[in-house]
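The values are calculated or read from the model by the stated rules, or taken from the named source; none is laboratory data. Everything numeric here is computed off the predicted structure, so don't read it as measured data. Don't worry about glycine lacking a Cβ; one is built from the backbone with ideal geometry, like all the others, and counts go over all protein chains shown.
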Amino acid sequence: MTVVAPERAGRRVNPVSAALLRRTWLRTTLLLSPPLAWFLVIYLASLAIMLVTSLWSVNSFTQTVDHTLTTQNFHQIATGAYPTIIGRTVLLAALVTITDAILAFPFAYAMARIAKRRTQRLLLVAVLLPLWASYLAKIYAWIAILEKGGTLNWTFSKLGLPLPNLGFTNAAMWIAFTYIWLPYMIVPIYGALERIPGSLLEASADLGGSGLTTLRRVLLPLALPGLVAGSIFTFSLTLGDYVTPLLVGGANSTLIGNAIYDNLLTGGNLPLAAALAVVPIVIMVAYLVGAKRLGAFDAL
Amino acid sequence: MRRSGLARAGLWMWVAGVLLFLFVPIITIVLFSFDASKIETWPIRSWTTHWYSVAFHDAQVRSSFLLSIKAATLATLIALLLGSLAAFGVHRARFFGRDSISLLLILPLALPGIITGVALNSAFQYVGIPLSLWTIVIGHATFCIVVVYNNVVARLRRTSSTLLEASADLGATGLQTLRYITLPTIATALVSGALLAFALSFDEVIVTTFTAGAQNTLPIWIFGAIRLGQQLPEVNAVVAFVLIIMFIPILIAARLTGSENVVRSAEPSRRT
């Protein structure tokens, strides 16, 4: 019996398909070029231009951008009101991240390890809807809840408690941020907890570990990468937000995002805005490097 | 035993509390959109659908809604193309820097949006590109690519490569394999990715502020109107409308590829 090569059997093998199937590197290169080109030409190049722009200045007479390199913007950021604004932003981002972690962990645990299949699916949808719900609607809702005639004050007055009057304060910002980013924290913790083999928890119990010991020595360390991954979102998204402070914040609620927004859109000082945008990048790069060390990206 | 039962009850109470926290604001905003009063106070005394009709007939709301739809459609198309190409390129290929690609794609979502906004704005100003529909689309597509990518990668990981090899062994050309094998397998992942990318773009305000110039997308109109505070009952109706209408693509996507997949679509890359 003779083996008929496909070519001889009357079927022409398209040389292009054959080459692509055999040479994976060629296929990979061809497939990856367009998306990588987009990121290189548009995203990374823009970031590079922004970094250079941060070293330019605005001529105070002509109001045009002067392309002479100077570190003047960074000196300006290091003095005056900016250190306070940066400190406030980082503090708030940390506070929001911690609050979200505390709220999310028991929720994610119940969802991943206790809930039956059906409840688990329902809870997933319950996280999914607020996660993808309109961002502005979510912030706007907190105005209606926290303002003087809002639902929170009304509830407190019905219960005979003193009115919290949280509208347009830093506390309002803290609550609103905690709210909008909470699903971003629940999801990765849930993912990490769900992947823990049940046998590990049984082993811990068999070896005499109490519930708390198992939590501290088994669950928390294994969920840590998920927690770190979630915190990347809660921390980073708070760091650059200017909408929440403008809508629910008060007089002392200026964050880095607002400083950037004001300098670029109302102050016409693009170089200073670009320099201010470098601050969250530096903070986030440090954060991401730390997160990678903890293996946060392997867990997802 | 009794202690663990108590702990479990406490856990479920915590879950109930978090659920309340997650949904009270959403319900509140929908209720207020039917409030007949011009000044928002709780409890609502009389109900109306009047503000929906006001919003519906508002020319500014209409034109900004239209701009949002246009921008989201174009951004989604670009994201579909580039996101699935990236997914196919990364899938199964083992090469140096493969993880860096996933990291690069998630960067516009993981870094604060304002950075993408300012970066694009600096670049447009430097190159001298006037802000237009296209500058909005460029910004949106950049952060939407990863959503499609995540969906397609997740699907590819679950499909066997033997199907493609079998197709080639049977003499199918690359295009035939794409048409009869690859596309049907990833179809729902593509639709789900597209719906989520569309939702993400349709709702975006932080990057858009820096790439839109004087044009209003719907979120920018809402943001401006809340700040001005002059037509708040109408804003309530628009916001509630956007909230409800956005649940549609999300729920369809969840139906197509599972809620688990949808909640993770905007996450850092999962191990592929």
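Quick one: A:THR89 ticks every box in (1) out of contact with any Leu (no Cβ under 6 Å at 6 or more places or on another chain); (2) at pLDDT 95 or above bar one, so which box is it? That leaves (1) as the condition not met.
If B:PRO43 satisfies every condition in (1) within 9 Å of another protein chain (Cβ to nearest Cβ); (2) within 30 Å of A:VAL282 (Cβ to Cβ); (3) not hydroxyl-bearing (Ser, Thr, Tyr) but one, which is the exception? The failed condition is (2).
Among the numbered criteria (1) under 19 Å from A:ALA274 (Cα atoms); (2) outside the structural domain of A:ALA273 (by TED's automatic domain parsing); (3) polar (S, T, N, Q), which single criterion is violated by A:THR29? The one condition A:THR29 does not meet is (1).
With respect to (1) more than 10 Å from chain A (Cβ to nearest Cβ); (2) in contact (Cβ under 8 Å) with a residue 60 or more places away in the chain; (3) closer than 23 Å to A:ALA144 by Cα, the lone exception for B:ALA194 is condition (3). Restricting segment B:95-144 to residues that are of a type in the set (Phe, Trp, Tyr) and under 25 Å from B:ALA199 (Cβ atoms), the residue that is surrounded by the fewest Cβ atoms within 10 Å (Cβ to Cβ) is B:TRP134. Considering (1) part of a helix (DSSP H, G or I); (2) in contact with a helix residue (DSSP H, G or I) (Cβ under 7 Å, 6 or more places away or on another chain); (3) more than 9 Å from every other protein chain (Cβ to nearest Cβ), the lone condition that B:GLN125 does not fulfil carries the number (3). When segment A:116-132 is filtered for residues that are surrounded by fewer than 18 Cβ atoms within 10 Å (Cβ to Cβ) and either more than 7 Å from chain B (Cβ to nearest Cβ) or of a type in the set (Phe, Trp, Tyr) (or both), the ones remaining, listed by number, are A:LYS116, A:ARG117, A:ARG118, A:THR119, A:LEU122. Within segment B:203-210, can one find any residue that is in contact (Cβ under 8 Å) with a residue 40 or more places away in the chain and among the aliphatic types (A, V, I, L, M)? Taking every residue of segment B:203-210 in turn, at least one turns out to be in contact (Cβ under 8 Å) with a residue 40 or more places away in the chain and among the aliphatic types (A, V, I, L, M).
Mind telling me which of the residues B:ALA72, B:ALA93 ends up being part of a helix (DSSP H, G or I) and out of contact with any strand residue (DSSP E or B) (no Cβ under 7 Å at 6 or more places or on another chain)? When all the criteria are applied, what remains is B:ALA72. All conditions but one from (1) touching a Phe, Trp or Tyr at 6+ places or on another chain (Cβ under 8 Å); (2) away from every other protein chain (no Cβ under 11 Å) apply to A:ILE85; the one that does not is (1).
Within segment A:164-182, the presence of at least one residue that is facing another protein chain (nearest Cβ under 10 Å) and closer than 19 Å to B:SER265 by Cα is confirmed.
Of the residues in segment A:205-216, at least one is modelled with pLDDT under 85, over 21 Å from B:PRO112 (Cα atoms) and of a type in the set (Val, Ile, Thr).
If we keep just the residues of segment B:116-157 that are without any contact (Cβ under 8 Å) to a residue 12 or more places away in the chain and small (Gly, Ala, Ser), which is farthest from A:LEU47 (Cα to Cα)? Per the criteria, the residue is B:GLY128.
Here B:LEU120, B:LEU85 are screened, and the one residue that is assigned to a helix (DSSP H, G or I) and closer than 18 Å to B:VAL152 by Cα is B:LEU85. The set of residues in segment A:235-249 being closer than 26 Å to A:PHE74 by Cα and more than 11 Å from chain B (Cβ to nearest Cβ) consists of A:PRO245 alone.
When A:GLY160, A:GLY149 are checked against the criterion of being assigned to a loop (DSSP other than H, G, I, E, B), facing chain B (nearest Cβ under 10 Å) and either closer than 14 Å to B:PHE21 by Cβ or out of contact with any Leu (no Cβ under 9 Å at 6 or more places or on another chain) (or both), A:GLY149 stands alone in meeting it. Please determine whether any residue of segment B:150-161 is among the charged types (D, E, K, R), over 29 Å from A:SER231 (Cα atoms) and more than 8 Å from chain A (Cβ to nearest Cβ). No, segment B:150-161 has no match at all.
Using the structure shown, decide if A:ALA81 is of a type in the set (A, V, I, L, M, F, W, C), within 18 Å of A:GLY240 (Cα to Cα) and buried (at least 20 other Cβ atoms within 10 Å of the Cβ). Answer is no for this residue.
In a helix (DSSP H, G or I), among the aliphatic types (A, V, I, L, M) and over 21 Å from the mean Cα position of the chain (by Cα): does that describe A:MET173? Answer is no for this residue. Checking the structure you have, find out if any residue of segment A:185-196 is surrounded by fewer than 18 Cβ atoms within 10 Å (Cβ to Cβ), farther than 25 Å from A:LEU129 by Cα, assigned by TED's automatic domain parsing to the domain that holds A:LEU91 and charged (D, E, K, R). No, segment A:185-196 contains no residue that is surrounded by fewer than 18 Cβ atoms within 10 Å (Cβ to Cβ), farther than 25 Å from A:LEU129 by Cα, assigned by TED's automatic domain parsing to the domain that holds A:LEU91 and charged (D, E, K, R).
Applying the condition of being touching a helix residue (DSSP H, G or I) at 6+ places or on another chain (Cβ under 6 Å) and either β-branched (Val, Ile, Thr) or outside any helix (DSSP H, G or I) (or both) to segment A:206-231 and asking which residue is farthest from the other protein chains (Cβ to nearest Cβ) yields A:VAL218.
A:ASN252 fulfils the conditions (1) under 21 Å from A:SER46 (Cβ atoms); (2) touching a residue at least 12 places away in the same chain (Cβ under 8 Å); (3) more than 10 Å from chain B (Cβ to nearest Cβ) except for a single criterion, (1).
Residues checked against (1) without any contact (Cβ under 8 Å) to a residue 24 or more places away in the chain; (2) under 25 Å from A:GLY198 (Cα atoms); (3) surrounded by fewer than 20 Cβ atoms within 10 Å (Cβ to Cβ):
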| site | (1), (2), (3) |
| --- | --- |
| A:ALA94 | no, no, yes |
| A:ILE102 | yes, yes, yes |
| A:PHE107 | no, yes, no |
| A:ARG113 | no, yes, yes |
| A:SER134 | yes, no, no |
| A:ILE139 | no, no, no |
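Among the residues of segment B:161-207, those identified as aliphatic (A, V, I, L, M), over 16 Å from B:VAL148 (Cβ atoms) and in a helix (DSSP H, G or I) are B:LEU163, B:LEU164, B:ALA166, B:ALA168, B:LEU175, B:LEU178, B:ILE181. Of the residues making up segment B:25-48, one or more are assigned to a loop (DSSP other than H, G, I, E, B) and surrounded by 21 or more Cβ atoms within 10 Å (Cβ to Cβ). Mind checking whether some residue in segment A:241-249 is within 26 Å of A:HIS67 (Cα to Cα) and outside any helix (DSSP H, G or I)? No, every residue in segment A:241-249 fails to be within 26 Å of A:HIS67 (Cα to Cα) and outside any helix (DSSP H, G or I).
Confirm whether B:ASN236 is farther than 30 Å from A:ALA112 by Cβ, at the interface with another protein chain (Cβ under 9 Å from one of its Cβ atoms) and among the polar types (S, T, N, Q). Answer is yes for this residue.
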